[in-house]
Amino acid sequence: MHTLFIDSLPQGFNSHELRKLFSNHGYIVDAYIPQIQRSRINGRFGFIEVQAWEQGERLIHEVDGMVVGSSKIKVKWAKYPKRMKQSRRSGLSGRGVEFPRNSLNWRSLQQTNRIRVNEEGLKKDKSAKVIKVEEVLENLEWLGRSLTCISDVPRDIDSLRLLITQAFQEHIVVRDLGKFKFLLTLDSKETKDRLKMEGYERLKQWFSSFDDWDEGDVCLTRRLWLELVGLPIQLWSEKNIKKIAETWGDVVLVDKESSKLESFASAKVVIDTLCMKPIDDEVIIQVGDKGFKVSVFEAKTEYTIFHSGPLDGVSLDLAAS
């Protein structure tokens, strides 16, 4: 195995997000962001493990300097590839709660997604444009009564609202920050603190960790149409289309014509992705000892997506933009 060192990641970035980011450029053996981070203003650091040295060189060429969120990340070979052992907390120590799991949690301990706006900070990122705005006091009030909850699998917001309403007597407002991150707002800070202590068993049904809302809790994904061209008809199925599209993000739905086998011109899929650069790639689809080249790129659609419901068995409402 060969290890790459990834620097200047956005604050709050986690191992799962790091894996998904680099998976857009090929197979990744492992991705890891240590919970213990240095005290520096230029973001978090992590590690990527790849199978071949040539793949690592290609990742350095393709990803070094990429802008993720508001950060320009740095990619180079790791000098000390041996990674720290991940801490698995099962109690209520620290600021928040992280449930023990067999896989990496969605994020490490929350850190704020902010930089210090001063002369030194601006010199480090000369390309950043500074725009002054004011905090919304009304938002800060209810955010102070909110928990940020992390799921290891994508969840539909409407279904999650129903489940949480049935599980808790307290009035809880559920909002989403994408398909994996959610805000739970209580009617008071006291109720929120009590839920953190007494709601452990119920919350772990859906979330791998939860914590008080922090300034760094933002959505880092975007939703787009992905188009697959060149998929052989004998491989054409909704299952296979989803499996291919999941390389670049989480599948929201497959276009009706594609899933119902009404057209084989191209398969169109709606995904949520961490990739902020336009997607334009080629993959080899392997079946036994045969391989088929498929082109994958962002669809030049003239439609706006309004649907945000369940991932399966749904219809897509479209309106001309």
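Only the coordinates and a few stated rules stand behind these numbers; no lab work does. Because the structure is a prediction, the values reported are computed rather than measured. Positions of Cβ are backbone-derived with ideal geometry, glycine not excepted, and every protein chain shown enters the neighbour counts.
In nm, what is the difference between 0.36 nm times the number of residues separating residue 235 and residue 130 and their Cα-Cα distance?
On the way: separation 105, 0.36 × 105 = 37.80 nm, distance 4.92 nm.
Full extension of this stretch gives 32.9 nm more.
Ranking 57, 138 by Cβ neighbours within 10 Å, fewest first, what do you get?
Numbers: 57 14, 138 8.
Exposure proxy ranking, most exposed first: 138, 57.
Under a 5 Å amide H to amide H cut-off, with H placed in plane at 1.01 Å, what residues pair with residue 68 once short-range neighbours are removed?
73
Tell me, what HN-Hα J-couplings in whole Hz come from the Karplus equation 6.51 cos²θ - 1.76 cosθ + 1.60 at θ = phi - 60° for each residue of segment 271-280, using x for Gly and Pro?
10, 9, 9, 8, 6, 9, 8, x, 8, 8
Equivalent ellipsoid semi-axes for segment 184-306, as square roots of 5 times the alpha carbon gyration tensor eigenvalues: give them largest first, rounded to whole Å.
Numbers: eigenvalues 305, 54, 38 Å².
Those come to 39, 16, 14 Å.
Run the simple label-point estimate for residue 246 and residue 57 please: 7 Å along Cα→C-beta, distance reported in nm.
3.3
Can you divide the C-alpha Rg of segment 2-77 by 2.2 N^0.38 Å and report the result to two decimal places?
Numbers: Rg = 11.3 Å, N = 76, 2.2 N^0.38 = 11.4 Å.
The value comes to 0.99.
Testing the spin-label approximation: label points 7 Å from Cα along Cα→Cβ at residue 29 and residue 292. State their distance in nm.
Once both label points are built, they end up 3.1 nm from each other.
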